[in-house]
1. Taking the alpha-carbon distance from residue 188 and a cut-off under 16 Å, which aspartates and glutamates remain once sequence neighbours fewer than 8 residues away in the same chain are dropped?
2. Quick one, could you list the DSSP H helices from the chain stretching 24 Å or more along their long axis (Cα atoms) with average Kyte-Doolittle hydropathy of -1.0 or above?
3. Please give the contour-minus-distance gain from residue 287 to residue 121: 0.36 nm per residue of separation, less the Cα-Cα distance, rounded to one decimal in nm.
4. What label, among [x] 189; [y] 228; [z] 167, belongs to volume of the Cα convex hull per residue in Å³ computed from the structure on display?
5. With charges set only on the Cβ (+1 for Lys and Arg, -1 for Asp and Glu), what does the dipole of the stretch 331-470 come to about its Cα centre, in debye to the nearest 20?
6. Give the Rg (one decimal place) followed by the Dmax (whole number) of the stretch 180-233, computed from C-alpha coordinates and expressed in Å.
7. No partner Cβ under 4.7 angstrom, meaning no disulfide-compatible partner by this rule: which Cys of the chain qualify?
8. Under 18 Å Cα-Cα from residue 333, which aspartates and glutamates qualify once same-chain neighbours fewer than 8 residues away are excluded?
Amino acid sequence: KTTHSGKVNNKHRLKKVAYRPKDKSNPKSCSACHSEELENMGQKVEELKTALSTDFHNALDAICETHAHNIFRCTKCGRYIYMTDPGEDHPVLPSREVSTNTLIGFSYMMYMGLPIERASSFFEKKALLGSDTINVSLHDYARVYLAPLYHGLVSKIKEQEIIYADETPWNCLQDQGRGKLPAGTEEKPKRSTNYILSVSSVADAKEKIHLFNYLPTRSAKSMSDFLDKDFKFKVLVTDGYQSYENIMKEHPGAAHQSCLVHFRRALLDALRIDAQVAESEELSGAQLKKILEEKMMSQTKVEDLYEIYTALASIFSWEPRKKKAPLGSRRRKQAHKAQKMAFDIIRRNIHELSQDRTIQKGSKWTTRKGDYISKCCAYFLNHEEQLGYFTTDDRVPIDTNPVERLIRTIACYRKSCWFKHNADYSQDMCMIMSIYATLQANGVKNPIELLQSYSTELYKHMYENLLYIEERNGAVSKNDLLKKRLRIVKKGSGEGAPTLEALREGFDYSVWFDQIFNP
């Protein structure tokens, strides 16, 4: 028994808006051979389901727009010319219905923390679309348009000398054995938690790049699949997670700086300030004075802990002064020297405190159960070289606060969107977040407008290549070419349909990277 009607063309039920070509000019010459012998092939007409407004202050109103574009052909080399204005709307792929500008609006909503399922439900209802149409179309937009930008940013950050790295939990249902797998797909091993890896450049980098990447696990192998040997960093700044130590083995010429904030947390646990404050509220003045005198006279070395904390606070207080001073300046050298002196105090006191408190097993130090001071000492001894590398180079940051703030983008989105169904959609989210975070870091005031112009130029380039390939293959005469339903495939040969790589071949991405880093 049939329970649904399948795909139904509902365009006739939508209200239509009259539309004329924006660009009425004629091209002066062919962009490939520069010949002026051009013939008018007529108009390419596309009906798009689009939204008049995609911001938070106005309701989404789904309409059906008819777009017309003049097509010219060079009679000398056979290349096509697609006439359009920068930022003009078009489908995400030829023969698709959802407009690219609409998908850019939804991608920006995702970056701002609004789940796509909630943002698209009203639009899909108004546009008479299926419940997963926007998700599928957004996946295509990320795969076709954002993926080249994302991989270009990955290539650029591989050349930077100092980078941050951190990770945060994420839920991917298929990788956790909870999502429905496509027919014929092998079941994956179940994992309780997946992760998003964040990699970022430092604040004074010429090209500021913020990247996210989906990880099935938090293992060193999973991380090194992204942080591979092609990375040429000289310093990697992270927290004290062990997998980063294994990654550093693949980069023998690089150094590892561990975050001092994480050491400060272990130090505060040793001081137990919160517990002492809670206990002191229940004691009288005489009782509190007696306890403090006993602690000061005891062998717990509490005064050494406070000296360590004071020295650590001094390191943090000198850091903003060091950053404000130019490289090589006297003020910067003075601030860096003060930090080194403070770290020497920390190292000396930790080694004194650790005597008879920590136990060395192999290359690692372990602690006694319930002894917070020994835990603090063991943490420092296990990461002593990484915690103190900043003393050798005044360019190295002392904490991972910038990448921690960056990864809040994913943490906040996780509050409203608890999961993605599969790894591809999780990586789509990472690409979208990476592009917008990088645009924001480089001071691009209107990221939506830049992405609209970029998408229009790339679509124009792909459509011109598509027409050229179709005619060259002899599939149809050039007079009937615009009437044909044109298709492309992801990879391989799909009944003669060209691949995305073939259509994007020859597109100049450097122009758009220049607009990103020099807005």
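The values are calculated or read from the model by the stated rules, or taken from the named source; none is laboratory data. Model, not experiment: these values are computed from the prediction. Counting neighbours? That spans all protein chains shown, and the Cβs are built from the backbone with ideal geometry, glycine included. Heavy atoms of the whole protein, side chains included, go into the accessibility calculation; ligands, DNA and RNA do not. Shrake-Rupley method; radii C 1.70, N 1.55, O 1.52, S 1.80 Å.
1. Leaving aside aspartates and glutamates fewer than 8 places away in the same chain, those within reach of residue 188 are 175, 424.
2. Numbers: long enough: 302-324 (35 Å, -0.45); 330-354 (36 Å, -1.26); 423-441 (26 Å, 0.39); 447-472 (37 Å, -0.59).
Qualifying helices, which must be both long enough and hydrophobic enough, are 302-324, 423-441, 447-472.
3. Values: separation 166, 0.36 × 166 = 59.76 nm, distance 6.36 nm.
Going from the current span to full extension adds 53.4 nm.
4. Derived directly from the coordinates: [y].
5. Working: 21 positive and 16 negative charges, 191 e Å.
Using Cβ point charges on Lys, Arg, Asp and Glu, the stretch 331-470 gives about 920 debye.
6. Expressed in Å, the Cα Rg and Dmax of the stretch 180-233 come to 15.4, 49.
7. 64, 172, 259, 376, 377, 412, 417, 430
8. Candidates past the 8-residue exclusion: 204, 319, 344, 393, 394.
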